[in-house]
Every structure is written in C-alpha cells, then in structure tokens.
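Okay, so here's the structure we're looking at.
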Amino acid sequence: MRAVICGANGAMGKLICGILGDEVVGKVSIDGENGVPKTFDQLGPLQADVVIDFSHHTAAPEVIRYAKLIGAAAVIGTTGHTPEEKALIQAAAEDIPVFYSGNMSLGIAVLCRLAREAAGFFPDADIEIVEVHHNRKVDAPSGTAHMLFEAIHQVRPNAVEHCGRSGEGKRTKDEIGVSSLRMGSVVGIHEVMIHTGTQCLTLKHEAVTRAMLADGAVDAARFMAGKPRGMYNMESLLGNN
C-alpha cells in the first residue's frame, strides 16, 4: 500500500507514519516543519492508493480534491466538520472510495454496535451519552458521541440529540442527552447509560493511548485499498463479525 498523510507532523500523523514506514510516499502538514510540504500543490501528484487525513476539518476540500486528482481512496479521521464539509465528503463518495469515521477505534465501533443493540431491547428507557476528553480538544460533543447517537438513532428513529443540559425544563421522551467534559490529559472516555427506571445498563469505552486511533486508521487504509467508489465507515470494517 502507498499512502499520503495529511497532518503528518501532528501527533496522530507521526504515529501513522511510524506504523506505515516506507509505505508513506508523501506527507503534507500546514506547519511545513521537517521539510514537509505545507500544501498538496507543493507536494504535487503522486502514485498512491490512499490519502489519510488527520489534520483539521477545514482541510477536507483539499484532501478530497487531491484524492480525486490522483485516483486514491480517502480515509478521513479528522472530526468537527461543518455540515457543508460533511456534504462535500459525502458527495466525493460518488467519485472515489471514502472512509469517514468520527473515531477510528475498533473498540468504539464495537461500542456503537452494542449501544444500538441494547437500545433496541429497552425502547422506553432514558439514554444518556457522556464523553470526556483532554482540555485541548476544540470540538464538543466529540465526533464519537455523535457516532453513538447515530447508532442508537437507527433503532430509535424519533430520537433527538440533546447536547448539553441547562436551565429549566423536563427531559422529553425522545431526547438522548449528550454531555461533554474537558479536563487534564484524558485521551477519551465514552459512556452510554440506558436507564429503565428499575435498572441501568452502562456501556463504556476508555482510550488508554492515541495509538489505538493510529492502528485503526491504518486498518482502515488497508481495508480501502482497491475498494470501489462509495462511502465506508467502521461498521464496514467490522462487516458481519
């Protein structure tokens, strides 16, 4: 596999480059440090199978443009995209294979599947999602929290995502609360609490190190090599396992 890494000088980019080694044929990083090109135009067209993006959500248009230019798959692990950027990513799947996920962890993919299944067993239960991250994270709720809501939404089509809770007003029947905490150096904790009134089921995933995301991104990149155009995600990677 031949990969181009966007955000190569960032923490995640460095981890991915370390795993892939000689399979990295090109790098881009907005800081331009270590001789890495700042833009795809500076990098120029390369022969690559996949473009892996772990930079900033605003880079989405350039990542997609470059992937289309060289005929490569795009693996987008960045979070915080605007509705316009998400629409652009979705549209790109008509031309190239696109892997898009709010979290590249296989464990989170399993958590989404378990949350969806559990919510189906308790259709009238109150459900709350709580996510905790380090104090430098800029987007809230996390992309993973949104993923968890969307997973549950599949079995609760009337569910409404309620981000944050303040002021007066009772909890509505269809809402799924999403709460965000930012503190210290927490890599990432996600909990789904399903409360029936007589019992509470809690599903939890805790990231010990960001290396798990790098592993997941590499797994996704290898999975995407040679795939036809279309939209893929961690559920695609899990398959029917």
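Starting from residues that are in contact (Cβ under 8 Å) with a residue 40 or more places away in the chain and of a type outside the set (V, I, T), keep the ones in the stretch 145-163 and report whichever is surrounded by the fewest Cβ atoms within 10 Å (Cβ to Cβ).
The qualifying residue surrounded by the fewest Cβ atoms within 10 Å (Cβ to Cβ) is H146.
Pairs please, first residue from the stretch 32-57 and closer than 22 Å to A11 by Cβ, second anywhere and among the charged types (D, E, K, R) and assigned to a helix (DSSP H, G or I), Cβ atoms under 7 Å, 6+ apart in sequence or on different chains.
From residues that are closer than 22 Å to A11 by Cβ, the pairs are F40/E62; H57/E85.
For the stretch 147-174, name all the residues that are assigned to a helix (DSSP H, G or I) and in contact with a strand residue (DSSP E or B) (Cβ under 7 Å, 6 or more places away or on another chain). I'd like the intermediate steps shown before the answer.
First, pick out the residues of the stretch 147-174 that are assigned to a helix (DSSP H, G or I): 147-153.
The answer is L148, F149, I152.
Out of the stretch 60-95, which residues are at pLDDT 95 or above, of a type in the set (G, A, S) and closer than 21 Å to T39 by Cβ?
Across the stretch 60-95, the qualifying residues are A60, A67, G71, A72, A73, A74, A92.
Among the residues of the stretch 125-138, what is the count of those that are within 19 Å of G188 (Cα to Cα) and either buried (at least 16 other Cβ atoms within 10 Å of the Cβ) or in contact with a Leu (Cβ under 7 Å, 6 or more places away or on another chain) (or both)?
Taking the stretch 125-138 as the starting set, the residues that turn out to be within 19 Å of G188 (Cα to Cα) are 128-138.
With the extra rule that they be either buried (at least 16 other Cβ atoms within 10 Å of the Cβ) or in contact with a Leu (Cβ under 7 Å, 6 or more places away or on another chain) (or both), the set shrinks to 128-133, 137.
Within the stretch 125-138, residues that are within 19 Å of G188 (Cα to Cα) and either buried (at least 16 other Cβ atoms within 10 Å of the Cβ) or in contact with a Leu (Cβ under 7 Å, 6 or more places away or on another chain) (or both) number 7.
Would you mind finding the one in G177, G120, G169, G184 that is modelled with pLDDT under 95, surrounded by fewer than 22 Cβ atoms within 10 Å (Cβ to Cβ) and not assigned by TED's automatic domain parsing to the domain that holds E62?
The match here is G169.
Conditions (1) more than 16 Å from Y100 (Cα to Cα); (2) buried (at least 21 other Cβ atoms within 10 Å of the Cβ); (3) touching a helix residue (DSSP H, G or I) at 6+ places or on another chain (Cβ under 7 Å), marked per residue:
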position: R2; (1), (2), (3): yes, no, yes
position: A8; (1), (2), (3): yes, yes, yes
position: G35; (1), (2), (3): yes, no, no
position: F40; (1), (2), (3): yes, yes, yes
position: P45; (1), (2), (3): yes, no, yes
position: D53; (1), (2), (3): no, yes, yes
position: A59; (1), (2), (3): no, yes, no
position: E62; (1), (2), (3): no, no, yes
position: R65; (1), (2), (3): no, no, no
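The values are calculated or read from the model by the stated rules, or taken from the named source; none is laboratory data. These numbers were taken from a predicted model, which means no experiment stands behind them. Virtual Cβ from ideal backbone geometry, glycine too; neighbours counted across all protein chains shown.
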